[in-house]
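Read through the structure below, which is laid out as structure tokens, and then see the notes.
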Amino acid sequence: MALALPLLASILALTPAQAQENAAQEAAARKAALSSLPADAARRRFGLVETPSPGKAHVYGFYSRGCLAGGVMLPPDGPTWQVMRLARNRNWGHPALIRFMEAFAAKVPAATGWPGILVGDMGQPRGGPMLTGHASHQIGLDADIWLRPMPQTRLSAGAREEVSSMNVVASDWNDVDPRRWTPQHMALLKTAASFPQVERIFVNPAIKRALCQQAGTDRGWLAKIRPMYGHNYHFHVRLTCPRGETACRRQAAPPKGDGCGKQLDWWFSEEARRPKHYKPAPPMMVADLPAQCRAVIDAGASATAR
């Protein structure tokens with residue numbers, strides 16, 4: 001099941017931001033990006049704006065080519081969550097995503113025994129492409145959740161920039177690490193998949209393999225769990241387009257079945273493990289996004305280099 005070349009190229013060009021990157025590493029990556037991007041590059045324009053656009057929330061475009069009007073912030077602290085890497089200012093999303101995060105986090109203690117979740121990157125205040133990492137997370141419907149339980153105590157702002165997530169995949173990438181992978185991880189993913197608005201959950205192929213082996217006879221939820229490069233420190237939840245959001249472009253439904261067996265085997269093949277290298281595409285410009293995104297980024301925006 002080789003990936004389409006444009007999709008594979010975009011994944012290789014913008015690998016997911018790793019949950020363990022600290023503040024200094026992130027700052028260096030941002031500086032490098034800003035030094036090479038033209039003035040109207042979408043990554044620069046959307047990556048520097050620190051506030052949402054005014055007005056009602058609206059999604060424009062696709063998960064990897066779009067923007068978000070009227071973004072809403074997930075509070076840094078909730079009863080059963082803590083947002084990590086606050087300096088990135090990526091705890092924004094469509095109201096549907098905020099509602100999901102709050103509802104999902106509330107279920108985690110009973111489902112897993114964890115105190116709650118640690119939240120990684122969601123989206124920027126106005127969505128759009130990010131300066132560092134992520135080919136998607138552009139329309140306020142994606143969120144990364146760490147594969148590490150929330151601690152009982154509240155982490156300081158400084159600690160949230162430095163504490164690492166946990167890699168649950170073995171060094172050979174063929175399976176999960178039995179020293180770190182627990183039944184609670186499977187319960188966490190199963191709980192996330194139980195929400196009807198969740199369209200996909202991206203995990204490392206080794207995690208998908210473990211779920212296929214351990215799920216037992218209740219396997220319907222596995223269809224939403226999709227293998228993807230990286231995602232060994234966190235999993236990525238993607239919501240479907242909210243009702244009434246006619247400018248939101250849906251993703252095709254996942255293939256039928258539980259996604260185990262032959263569908264999964266490709267990810268452990270030589271082709272998957274040694275993908276061809278493609279010349280990076282030119283930077284996406286604001287004009288390359290849906291037309292509404294020009295108004296979203298220009299609405300009272302004042303860019304501030306962080």
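Rounded, prolate or oblate: which fits region 86-232 when a ≥ b ≥ c are the square roots of the eigenvalues of the alpha-carbon gyration tensor, with rounded for a/c under 1.5 and prolate only if a/b beats b/c?
In terms of gyration-tensor shape, rounded.
Across bins of 5 angstrom width beginning at 0, how are the C-alpha pair distances of region 53-143 distributed, in whole percent?
That works out to 3, 16, 25, 23, 16, 11, 5, 1, in percent per bin.
Order the peptides 101-114, 56-69 from the highest to the lowest mean number of other Cβ atoms within 10 Å of their residues.
Packing proxy ranking, top to bottom: 56-69, 101-114.
Run through the DSSP bridge list for region 66-173 and note the antiparallel percent, rounded to the nearest 5.
60 percent
Rounded if a/c is under 1.5, else prolate if a/b is larger than b/c, else oblate: which is region 171-268, with a ≥ b ≥ c the root eigenvalues of its Cα gyration tensor?
In terms of gyration-tensor shape, prolate.
May I ask you to list, by number, the DSSP H helices of the chain whose Cα span along the axis is at least 18 Å and whose average Kyte-Doolittle hydropathy reaches -0.5 or more?
Long hydrophobic helices here: 23-36, 95-112.
Quick one: work out the % antiparallel among DSSP beta bridges in region 162-275, nearest 5.
60 percent
Using R₀ = 35 Å, calculate the FRET efficiency as 1/(1 + (r/R₀)^6) where r is the Cβ-Cβ separation of residue 243 and residue 73; round to 0.05.
So, using R0 = 35 Å, E works out to roughly 0.95.
For the chain, count the residues as N, evaluate 2.2 N^0.38 Å, and divide the Cα radius of gyration by that value, please.
0.95
Could you work out which residue, out of 252, 41, 291, moves most in a Gaussian network model of the chain, that is, has the largest mean-square fluctuation with Cα springs under 10 Å?
It is 252.
Once fully extended, how much extra length lies between residue 156 and residue 171, figured as 0.36 nm per residue of separation less the alpha-carbon to alpha-carbon distance?
The residue 156-residue 171 span can extend by a further 2.3 nm.
To the nearest 20 Debye, how big is the dipole of the chain about its Cα centre, given +1 on the beta carbon of each Lys and Arg and -1 on that of each Asp and Glu?
Around 360 debye, computed over the chain.
Give me the one-decimal nm value for the distance between modelled label points at residue 179 and residue 25, 7 Å along each residue's Cα-to-Cβ direction.
1.9 nm
Counting only heavy atoms of the protein chains, get the accessible area per residue of the chain (1.4 Å probe) and round it to a whole Å² value.
Here the residues of the chain average 44 Å² of exposed surface.
Let me know the charge dipole size of region 101-233 about its Cα centre in debye, to the nearest 20, where only the beta-carbon of Lys, Arg (+1) and Asp, Glu (-1) is charged.
It comes to approximately 260 debye.
Counting DSSP beta bridges in the chain, what percent are antiparallel, to the nearest 5?
75 percent
Taking springs between alpha-carbon atoms closer than 10 angstrom, which of 115, 79, 282 fluctuates most in the Gaussian network model of the chain?
For the chain, modelled as a Gaussian network with Cα springs under 10 Å, the answer is 282.
Quote the FRET efficiency, to the nearest 0.05, computed for residue 89 versus residue 291 with a Förster distance R0 of 22 Å and r equal to the Cβ-Cβ distance.
So, using R0 = 22 Å, E works out to roughly 0.30.
Sticking with the crude label model, points 7 Å out along Cα→Cβ, report the distance from residue 35 to residue 299 in nm, one decimal please.
3.5 nm
Over region 219-258, what portion of Cα pair distances is larger than 12 Å, expressed as a whole percent?
Tail fraction, whole percent: 69.
Can you tell me which of 152, 197, 20 moves the most in a GNM of the chain? Springs connect C-alpha atoms under 10 Å apart.
152
Positive end of the dipole of the chain, charges at C-beta (+1 Lys, Arg; -1 Asp, Glu), about the Cα centre: which of 78, 123, 290 has its Cα farthest in that direction?
290
Give, rounded to the nearest 20 debye, the magnitude of the charge dipole that region 231-273 has about its Cα centre when Lys and Arg contribute +1 at Cβ and Asp and Glu contribute -1 at Cβ.
280 debye
The values are calculated or read from the model by the stated rules, or taken from the named source; none is laboratory data. Just so you know, these numbers come straight off a predicted model, no measurement behind them. A quick note on method: Cβ atoms are made from the backbone with ideal geometry, for glycine too, and the neighbour counts reach across all protein chains shown. When the accessible area is computed, the model is the full protein with side chains, heavy atoms only, and any ligands, DNA or RNA have been set aside. Shrake-Rupley method; radii C 1.70, N 1.55, O 1.52, S 1.80 Å.
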